[in-house]
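Please treat every number below as a calculation from the coordinates, not as lab data. A quick note: this is a predicted structure, and the numbers were derived from the prediction, not measured. Note that each Cβ is placed from the backbone with ideal geometry, even for glycine, and that neighbours are counted across all protein chains shown.
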Amino acid sequence: MSKTTFVRDITGNQHEVNDLFVVTKKGTYTAKNNTKYMMVGLKDATGSIDGRIWERVDELEGLFEKGDIVSVRSKARLYQDRLQLHITDIRKLDADLAVCDIAHFYPCGDKERGLLQEEYAAIVKEIKNPHLKELLNTFTGDRQLLDRYFSYPASTSVHHVYVGGLLEHSLSVAKLGMAAASLIGGDRDIIVTGCILHDIGKVHELDILRGFKFTDRGRLLGHITLGVMILEDLIRRTDGFPQDLTDILTHIVVSHHGLEEWGSPKKPMFPEAIIVHHLDNLDSKVMGVREHMKDNMADERWSDYHRLYEAKYYKITSE
């Protein structure tokens, strides 16, 4: 089923809407007359809309969850001057989407992905260490792995939550790493390679073909463990890769969260690993706050409370 109706296209009372959407929220409630109804939030790449289910609630309730891509049969209705969907049928998509179709359901970043891919190629080309260059060439030559790296989000809810977010985040950290190496020193090639590969495990931790979700392997192992496994496989396919560089890159992947309570089994133990950790933390937190502020402003100046970062954020406006 290909998507043809987008949220931006939904207009007018009684407009039939039969298409695919992502579930952003789901709740079952009891009306004043003791009948059950369900409230559902739906979105695609163009916007969000609320839906209500008034009939067959018990039957439909177990057919989908928050985060699923669902097939919806409904009509648009005006309620208190706002459009919402009166849903008569809803169920989880039972087939994988093509990676190229994911952009119908989730936004892309502000930076065009083709340009980001060109930027990735240019950064890899600048690597001078022959072993690291060959390792990144092995990575680039793995088309299936690279397609995921170019298409996946960096997370499901915290930062860079959009198609191509993992690539944009990794390149941002790599560019910050280049600047750090020139200002405070360190092996530039190790820093850049570590930045490019630090989150590589997310291509197996996450699944985007039925919605931005965690895979079973992702929940059981986490992206750090999966990243080490992917790195080991790439190194096995790279002729003559030295053991000391293997240990150095593995340590960067293992330690990039910085602290045990943040998910790293080891703290960063050499300057290059410290740089990757702090730049990863900087980019992810700043982008996480910016993305939170896009859709969660309490007023013109202050955001709603961010539960993960435990703060409200102030919007600076230029006069």
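Some points to look at:
- Taking the longest Cα principal axis of the chain as reference, the axis of helix 271-295 is set at about 20 degrees.
- Candidate aspartates and glutamates for bridging to Lys133, where Cα separation is under 17 Å - those fewer than 8 sequence places away on the same chain excluded: Glu118, Glu119, Asp142, Asp187, Asp189, Glu232, Asp233, Asp239, Asp244, Asp247
- Candidates Lys128, Lys266, Lys75: whichever shows maximal mean-square fluctuation once the chain is modelled as a Gaussian network with Cα springs under 10 Å: Lys128
- Helix 165-184 axis versus longest C-alpha principal axis of the chain: approximately 30°, rounded to the nearest ten.
- Taking the chain and dividing mean pair separation by its residue count, relative contact order in percent (alpha carbons under 8 Å, at least six apart): 12
- Pairwise FRET efficiency - Glu134 versus Thr317, Cβ, R0 = 51 Å, nearest 0.05: 0.55
- Between the C-alpha center of segment 260-313 and that of segment 1-77 there is a gap of 32 Å.
- Over segment 171-259, Cα pairs under 8 Å with separation of 6+ residues give a relative contact order of 26 percent.
- Stokes-Einstein D for segment 56-156, Kirkwood Rh over Cα pairs, 25 °C, 0.890 mPa s (µm²/s): 139
- The P(r) of segment 7-92 has a tail past 15 Å containing 53 percent of all C-alpha pairs.
- Linear extension gain, Met297 paired with Lys266, 0.36 nm per residue minus alpha-carbon span: 7.5 nm
- Springs join every pair of Cα atoms under 10 Å in this Gaussian network model of the chain, and among Leu249, Leu234, Leu20 the largest mean-square fluctuation is at Leu234.
- A simple spin-label model places pseudo-atoms 7 Å from Cα toward Cβ; at Asp50 and His306 they are separated by 2.6 nm.
- For the pair segment 81-134 / segment 189-236, the C-alpha centres are spaced 16 Å from each other.
- Structure remark: mean-square fluctuation, Gaussian network model of the chain, C-alpha springs under 10 Å; the largest value among Leu136, Leu176, Leu115 belongs to Leu115.
- Entry note: segment 211-319 has Rg to Rh equal to 1.10, where both radii use alpha-carbon atoms and Rh is the Kirkwood radius.
- Listed residue pairs exceeding 20 Å between alpha carbons, taken from Lys3/Lys92; Lys294/Lys315; Lys111/Lys213; Lys175/Lys315: Lys111/Lys213; Lys175/Lys315
- Count Lys and Arg as plus one, Asp and Glu as minus one, and take only other residues whose Cβ is under 10 Å from that of Val72; the net charge is then 0.
- Cα long-axis angle, helix 188-197 against the chain (0 to 90 degrees, to the nearest 10): 30
- When the Cα convex hull of the chain is projected onto planes of every orientation, the mean area is 19.7 nm².
- Taking other residues whose beta carbon is less than 13 angstrom from the beta carbon of Tyr152, and scoring Lys, Arg as +1 and Asp, Glu as -1, yields -1.
- Helix-only arithmetic for the chain: the sum of -39500 (n - 2.57) across DSSP H runs with n ≥ 4, divided by the residue total, places the mean residue ellipticity at 222 nm at -13000 deg cm²/dmol.
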